[in-house]
Amino acid sequence: MKKWTVAAFKAAKGIQKLGCCTAYDACFARLADEAGVPCLLVGDSMGMTMLGYETTLPVKMEETLSAVAAVARAAKNALVVADMPFGSYQCGDDLAMSNAVACLKAGADAVKLEGGASVCGLIRRMTTAGIPVLAHVGMMPQRVNSYGGFKMQGKTREAAARVLADARAVEEAGAFAVTLECVPAELAAEITAALKIPTVGIGAGPVCDAQWLVMHDLLGLNEGHVPSFVKKYANLADEVKRAFSEYVSEVASGSFPAAT
C-alpha cells in the first residue's frame, strides 16, 4: 500500500469512498493501518474513550501530542490527522499556530479544528504556512455546553443555510476536507455536491465522500451510550472481559502458569 497523502485524500472525491476512524495508541493504529484504513484521526474523543472524561473538553495539548506521536510511529500508510483539543486554538492565532506546528512535529500529516467562518482566518494562516487543515462544521463537540448537549445541527432552513455557508467558507479558506457531524442526511448531500473538497460524515448519512467512526464504537469496546448511526463491526468488550476472567481464574486455580 502507498502512503495516503492530503493530495490523495482530496483526489478520492467522487472516485472512492473512504472509511476512516479514530486511533489513540500504537497498537490499534498499527492494526487499523495494516487493515487498510486510509485516514486515522487522533481525536479529542480520547477524552471519553481513553481518559474517562464526560466530554472532550478536558483533553490537554500534551495528551494529544503523546497520542499523535504513538499513532504516527505505528501507521505507515494511513493519513494521520491530529484533532486540536479545546483551548489549543481558541486563545489566539499565535498559540494556535504553535500548537499546530507541534502536532506536525509529533508526526501528524494534518490538523483538524472545529468551526466555520469564525476560524477561516486561522485556516488561511495555517495552510499558507504549510499546515494542512481538515475543517469541522455542523455539530461541534467542543461547543457542547453552548448546545446544551450533543444535538443534531442544521435541522431548520436557517440553521442548514448556516452550516452550508460554513462549509463553503472553510473550503475557500483552504481546508482540504471538511467533517460534517450530526447534520441531516439531505443537508450533508447538498454540501457534498456543492463542495470540491471531500466531506467526511459522522452521523450525516451515506452520501458523504468519507465516513468517520470512533474506533471504540465500531469495535464494540464502548459499553456506554453509542450513537444510533454507529454500526458495531465486532463486540470486543465481551471477548476482552472473558479473557481477563479466564486468566484470573486460572491463576487462582493454579493452572497458570503451567509447571515446567
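The values are calculated or read from the model by the stated rules, or taken from the named source; none is laboratory data. Values in this document were obtained by computation on a predicted structure and should not be read as measured data. No Cβ is skipped: glycine too gets one built from the backbone with ideal geometry, and neighbour counts run over all protein chains shown.
Restricting attention to segment 178-193, does a residue exist that is part of a loop (DSSP other than H, G, I, E, B), surrounded by fewer than 20 Cβ atoms within 10 Å (Cβ to Cβ), under 18 Å from the mean Cα position of the chain (by Cα) and of a type in the set (A, V, I, L, M)? No, because not a single residue in segment 178-193 is part of a loop (DSSP other than H, G, I, E, B), surrounded by fewer than 20 Cβ atoms within 10 Å (Cβ to Cβ), under 18 Å from the mean Cα position of the chain (by Cα) and of a type in the set (A, V, I, L, M). At negative phi, assigned to a helix (DSSP H, G or I) and surrounded by fewer than 18 Cβ atoms within 10 Å (Cβ to Cβ): is that true of GLU223 in this structure? When the stated conditions are applied, GLU223 does not pass them.
Would you pick out the residues in segment 190-241 that are β-branched (Val, Ile, Thr) and closer than 23 Å to LYS151 by Cα? Break it down stepwise before answering.
Quick first cut of segment 190-241, residues β-branched (Val, Ile, Thr) only: 191-192, 197, 199-200, 202, 207, 214, 226, 230, 240.
Scanning segment 190-241 gives ILE191, THR192, THR199, VAL200, ILE202, VAL207, VAL214, VAL226, VAL230.
Selection over segment 119-172 of residues that are modelled with pLDDT of 95 or more and either in a helix (DSSP H, G or I) or among the polar types (S, T, N, Q) (or both) gives a count of 27. Count of segment 239-255 residues, restricted to those that are loosely packed, with under 11 Cβ neighbours inside 10 Å and under 25 Å from the mean Cα position of the chain (by Cα), is 0.
Being among the hydrophobic types (A, V, I, L, M, F, W, C), within 17 Å of ALA12 (Cα to Cα) and touching a residue at least 12 places away in the same chain (Cβ under 8 Å) is a description that does not apply to ALA173. The residues of segment 5-25 that are closer than 16 Å to ALA110 by Cβ and under 16 Å from the mean Cα position of the chain (by Cα), listed by number, are VAL6, PHE9, LEU18, CYS20, CYS21, THR22, ALA23.
When segment 203-218 is limited to residues that are over 16 Å from ALA167 (Cα atoms) and without any contact (Cβ under 8 Å) to a residue 60 or more places away in the chain, the one that is nearest to the chain's Cα centre (by Cα) turns out to be ASP217. Residue-level check: of (1) hydrophobic (A, V, I, L, M, F, W, C); (2) under 28 Å from ALA26 (Cα atoms); (3) in contact (Cβ under 8 Å) with a residue 12 or more places away in the chain, LEU95 misses just (3).
Note on segment 75-105: residues that are within 18 Å of ALA177 (Cβ to Cβ) and of a type in the set (Val, Ile, Thr) amount to 2. Are any of the residues in segment 194-202 over 20 Å from SER228 (Cα atoms), over 15 Å from the mean Cα position of the chain (by Cα) and surrounded by fewer than 17 Cβ atoms within 10 Å (Cβ to Cβ)? Checked segment 194-202: at least one residue is over 20 Å from SER228 (Cα atoms), over 15 Å from the mean Cα position of the chain (by Cα) and surrounded by fewer than 17 Cβ atoms within 10 Å (Cβ to Cβ). Please indicate, with yes or no, whether at least one residue in segment 81-104 is among the charged types (D, E, K, R), part of a loop (DSSP other than H, G, I, E, B) and closer than 22 Å to GLY130 by Cα. Within segment 81-104 (the criterion being among the charged types (D, E, K, R), part of a loop (DSSP other than H, G, I, E, B) and closer than 22 Å to GLY130 by Cα), the answer is no, since none of the residues qualifies.
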